[in-house]
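Read the structure below first, then the notes.
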Amino acid sequence: MDPDCDGLHAATADPWWREAWYFEFFDPKVELQFQVYQGVFPNAAIGDINAAVFHQQRRVHEICKMDFHVEPEAVSQRLYFGPMKLEEIEPLKQWRIRYDAGDVSADLLFDAVHPPFSWAAANLWLETSDDPQIGSHHFDQLGRYRGNFWVGDQQLAIDALGFRDRMWGWGGRKHWQSYLIMWAAFDENCVVNIAVQQFDDGKQTLCGYLYQDGELSLLSDVTVDVEWSEQRWKTIEQVNVLARDKLGRSFRYTGHPQGILDTSHRWLHRNDHMLFSVGEYHHDKRIGHGVMNWAFTSEADRFHHLEVN
């Protein structure tokens, strides 16, 4: 990964070319969940912020605003509009995240624990294409969030593992039919990262890795059983996962979403149900947290049983 990948990028002529930043964590000590997805469509001169805060299992803040005005020529403005102000301190290593929404606010540092992971490492076709109509880019990274978060007049000291991700482009992403993202960090030396994507031609792809005992290896295959809530048809109840990597190691875990942010049918360039959460994951007697996001175009496209390699 080149440090320039963490910088700002020039848009192509694609009207829905996009650049976005995603930060999330759950701090079990203070029972605070924060997730924020900020992005811009420079060719449309608009930006969006989708964020939620849950404290002690109660939603205390949410914003889903898709129409911030962002000047296409003001590239640096992509990092600060609405309640967000992002600052790249050291590319691929440290970011500062400030959030000021009145009822909640934050001043946090994200310090990378591991190097970033690009979906190109798994040879995802839209990542490796040189065609600007197809090409798109994504990387994610485990890090530690430290700083202060305010809920009303209550100040909470944050020190928690969490993920972030970056994307730019659009291209082949327009062919998404459904996906399931499960990134689980049990500690700095035990991480399983899974992204299963299904496209409108029926193709399923797998990106991710297993990090254990100081060694990272790409996944070779995963089996996932998804249980859906009987009460809420868009909501995952639980996932049961078996992941194997290219070193022959296997890892079994379960997970369920905590607070959920539903952004379904708010995006002008998408026509699907897209939900964001921070999942709670269980492996043997260990508990970890991390991203659990999913999207699908119709109820018939929801994942139930997956075997992907």
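Since every read-out is calculated from the coordinates, none of them should be taken as a lab result. Every value quoted in this text rests on a predicted model; they were computed, and no experiment measured them. Neighbour counts are summed over all protein chains in view; Cβ atoms, including those assigned to glycine, are modelled from backbone coordinates with ideal geometry.
Think of it as helices only: each DSSP H run of n ≥ 4 in the chain is worth -39500 (n - 2.57), and spread over all residues that comes to 0 deg cm²/dmol at 222 nm. Which of Asp245, Asp111, Asp213 moves most in a GNM of the chain, Cα contacts under 10 Å? Greatest mean-square fluctuation among the candidates belongs to Asp213. The HN-Hα couplings worked out from phi for the range 98-110 by the Karplus form 6.51 cos²θ - 1.76 cosθ + 1.60 (θ = phi - 60°) are 10, 9, 9, 10, x, 6, 9, 8, 7, 9, 10, 10, 9 Hz, whole numbers, x standing for Gly and Pro. Dipole magnitude for the chain: about 380 debye, using +1 per Lys or Arg Cβ and -1 per Asp or Glu Cβ, origin at the Cα centre.
Relative contact order for the range 13-308: 14 percent, from Cα pairs under 8 Å spaced at least 6 residues apart, divided by residue count. Charging the Cβ of each Asp and Glu at -1 and of each Lys and Arg at +1, and nothing else, the dipole of the range 1-147 about its Cα centre rounds to 620 debye. Exposure proxy for Cys190, Cys207: other Cβ atoms within 10 Å of each Cβ, ordered fewest to most, give Cys190, Cys207.
With the cut-off at under 14 Å, measuring from each backbone N in the range 1-31 to a point 7 Å along the Cα-to-Cβ line of Ala157 picks out 29-30. Charging the Cβ of each Asp and Glu at -1 and of each Lys and Arg at +1, and nothing else, the dipole of the range 113-183 about its Cα centre rounds to 80 debye.
Working note: Karplus 6.51/-1.76/1.60 with θ = phi - 60° gives the range 5-17 the couplings 4, 8, x, 8, 10, 7, 6, 7, 7, 4, x, 10, 4 Hz, where Gly and Pro are set to x. Residues whose amide H falls under 5 Å from that of Ser264, counting only those 5 or more places apart or on a different chain, are Met274, with hydrogens built in the peptide plane. Positive end of the dipole of the chain (Cβ unit charges, origin at the Cα centre): among Phe81, Ser118, Val191, the Cα lying farthest that way belongs to Val191. Per residue, the average separation of C-alpha pairs within less than 8 Å and at least 6 apart gives the range 128-284 a relative contact order of 13 percent. Here the Karplus curve 6.51 cos²θ - 1.76 cosθ + 1.60, taken at θ = phi - 60°, turns the phi angles of the range 149-160 into couplings of 10, 10, 10, x, 9, 9, 9, 10, 8, 9, 7, 8 Hz, with x standing for Gly and Pro. Per residue, the convex hull spanned by the alpha carbons of the range 13-308 comes to 128 Å³. Here the range 41-99 is treated as an ellipsoid with the same Cα gyration tensor; its semi-axes, largest first and in whole Å, are 23, 18, 7. The GluC sites (Glu not before Pro) found in the range 228-309 that occupy coil by DSSP, while having at most 15 further C-beta atoms within 10 Å, are Glu230.
Each peptide in 125-131, 291-297 gets a packing score, the mean of other Cβ atoms within 10 Å over its residues, and the list from highest to lowest is 291-297, 125-131.
Scanning the chain for trypsin sites (Lys or Arg not before Pro) in DSSP loops with at most 12 neighbouring Cβ atoms within 10 Å leaves 30-202 as the longest stretch between them.
Distances between placed amide hydrogens fall under 5 Å for Gln258 paired with Val278, Gly279, Glu280, all partners being 5 or more residues away or on another chain.
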